[in-house]
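Asker: One structure is given below, represented as structure tokens, and several questions about it will come after.
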Amino acid sequence: MRVITDKNKCTGCMACVNICPKHCIHAKSDDEGFIYPDIDKSECIECGLCKNLCQGSHTPYQKGTAYACINNDEKARNESSSGGIFTLIAEYTLNQNGIVFGAAFDENLNVHHIKAENKEQLKKLRGSKYVQSNTGSILRQAKEALTNGKLVLFSGTPCQISGLKAFLGKEYDNLITQDIVCHGVPSPMVWQEYLKHQSFVNNKDINKNTPPSFRKKDSGWKHYSVSLSFSDNSDCVILHHDDLFMKSFLKDLSLRPSCYQCPVKSKKCESDITLADFWGIENILPEMYDDKGTSLVLVNSKKGNFLFNAISDKMRYKQVDFDTAVKFNSSISQSASIPKKRDKFMKMTKNGSFCKAVQICTKESLYRRLVWKAKSIISKTKN
């Protein structure tokens, strides 16, 4: 049975890998570092399960109740990408003797989904990871926990939540799903080339025992930094607009092909709660802005509403009109546009020229630079 392997449609949720009764579908990385299903046709029994659940096989966004939220625990908030709300949801789950599934760095600083059953393990799941997470067999583990009556929180991208729901095939009262407003998922290959570059230019090995931070907020929430640790215990902290990996990500050069026409954005939201940065909060609710991080929380279901109320005493929050709340976050409903230089960027990166690829493919044209300079001069004149 043939599942969707068109790279413009396959999101890499790996639901097909998890549901195959013969275990003849395996995750295989392509030359850009993205995983796709690879089928051993000699073992396939043509059951059709993979094809029937594939979200790439079928094509109005549901408006949830929107809130601006800040965790009362400043330490947890500072260690989180925005307002620290994931921590509250996850700790609630653990306090109910539940299990949390989410993305974490492994021993080689690749990103995989793992399960956390205590607060120490939960630390690995906090913070943004701007690399596609390999879910592996984690969907099967989540189903086993659900079948055993455990409360399960599954955190991931919208396509991963969609894949989980398709794999499960039915609703579970003991399942909580939480997704993020996703800009797109960068290539694991590009991430590893970036790490090699940083190790080379700093003449030090990366400390793989200390997870990187994509959203270090020492310089503020808006002017966040990327932080890496080295084997001599020194750190490298680079503002996101100067960091090569973040440049390639924010310019959409390193995204998975399906992210440019995301099959999930046009579907009804399948998660109970959606988390995001509340960009533009200083214009909408200035009293909720201090440049330390404010979360946008979209409650999408009755289950999500119950959970929100259960943690509401541990945070500051204000309800906001949905359309106003998402005004500065177009990624909620719009796919990234594919850059003209994406193929060139990927080819150069694959050939070991990551740094040069970023420099060439993110350089603005002379016309664009002059326009931005003119706008800057006009802005300063007005002030």
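The values are calculated or read from the model by the stated rules, or taken from the named source; none is laboratory data. Everything quoted here is computed from the prediction, not taken from an experiment. No Cβ is skipped: glycine too gets one built from the backbone with ideal geometry, and neighbour counts run over all protein chains shown. For the accessible areas, the whole protein counts, side chains as well, though only heavy atoms, and no ligand, DNA or RNA atoms are used. Shrake-Rupley method; radii C 1.70, N 1.55, O 1.52, S 1.80 Å.
Asker: Specify which of the listed residues (Lys115, Lys28, Lys41, Lys22) is in contact with a helix residue (DSSP H, G or I) (Cβ under 8 Å, 6 or more places away or on another chain) and either open to solvent by less than 10 Å² (accessible area, probe 1.4 Å) or not hydrophobic (A, V, I, L, M, F, W, C) (or both).
Answerer: Details: Lys28 fails: in contact with a helix residue (DSSP H, G or I) (Cβ under 8 Å, 6 or more places away or on another chain); Lys41 fails: in contact with a helix residue (DSSP H, G or I) (Cβ under 8 Å, 6 or more places away or on another chain); Lys22 fails: in contact with a helix residue (DSSP H, G or I) (Cβ under 8 Å, 6 or more places away or on another chain).
Only one candidate passes the filter, namely Lys115.
Asker: Of all residues in the range 140-168, count the ones that are assigned to a helix (DSSP H, G or I) and either aromatic (Phe, Trp, Tyr) or within 17 Å of the chain's Cα centre (by Cα) (or both).
Answerer: Summing the residues that are assigned to a helix (DSSP H, G or I) and either aromatic (Phe, Trp, Tyr) or within 17 Å of the chain's Cα centre (by Cα) (or both) in the range 140-168 gives 8.
Asker: Is there any pair linking a residue in the range 187-207 that is closer than 16 Å to Ser254 by Cα to one that is assigned to a helix (DSSP H, G or I) and among the hydroxyl-bearing types (Ser, Thr, Tyr), with Cβ under 7 Å and at least six apart or on different chains, and which?
Answerer: Within 7 Å, the pairs are Val190/Ser248; Val190/Thr349; Glu193/Thr349.
Asker: Please go through the range 161-178 and give me each residue that is under 28 Å from Ser331 (Cα atoms), open to solvent by 10 Å² or more (accessible area, probe 1.4 Å) and either touching a helix residue (DSSP H, G or I) at 6+ places or on another chain (Cβ under 7 Å) or at pLDDT 95 or above (or both), ordered by number.
Answerer: Once the filter is applied, which keeps residues that are under 28 Å from Ser331 (Cα atoms), open to solvent by 10 Å² or more (accessible area, probe 1.4 Å) and either touching a helix residue (DSSP H, G or I) at 6+ places or on another chain (Cβ under 7 Å) or at pLDDT 95 or above (or both), the range 161-178 yields Ala166, Phe167, Leu168, Ile176.
Asker: Quick one: in the range 263-286, of everything that is part of a loop (DSSP other than H, G, I, E, B) and acidic (Asp, Glu), which residue is least open to solvent (accessible area, probe 1.4 Å)?
Answerer: Asp272
Asker: From the list Tyr317, Tyr289, which one is of a type outside the set (Lys, Arg), touching a Cys at 6+ places or on another chain (Cβ under 6 Å) and open to solvent by 20 Å² or more (accessible area, probe 1.4 Å)?
Answerer: Matching residue, one of Tyr317, Tyr289: Tyr317.
Asker: Filter the range 293-326 down to residues that are within 20 Å of the chain's Cα centre (by Cα) and over 14 Å from Ile273 (Cα atoms), then give me how many there are.
Answerer: Number satisfying all stated conditions: 4.
Asker: Are there strands (runs of 3 or more DSSP E) fully within the range 1-116 with at least 3 residues that are over 29 Å from Trp191 (Cα atoms) and modelled with pLDDT of 90 or more? List them.
Answerer: So the answer is 65-71.
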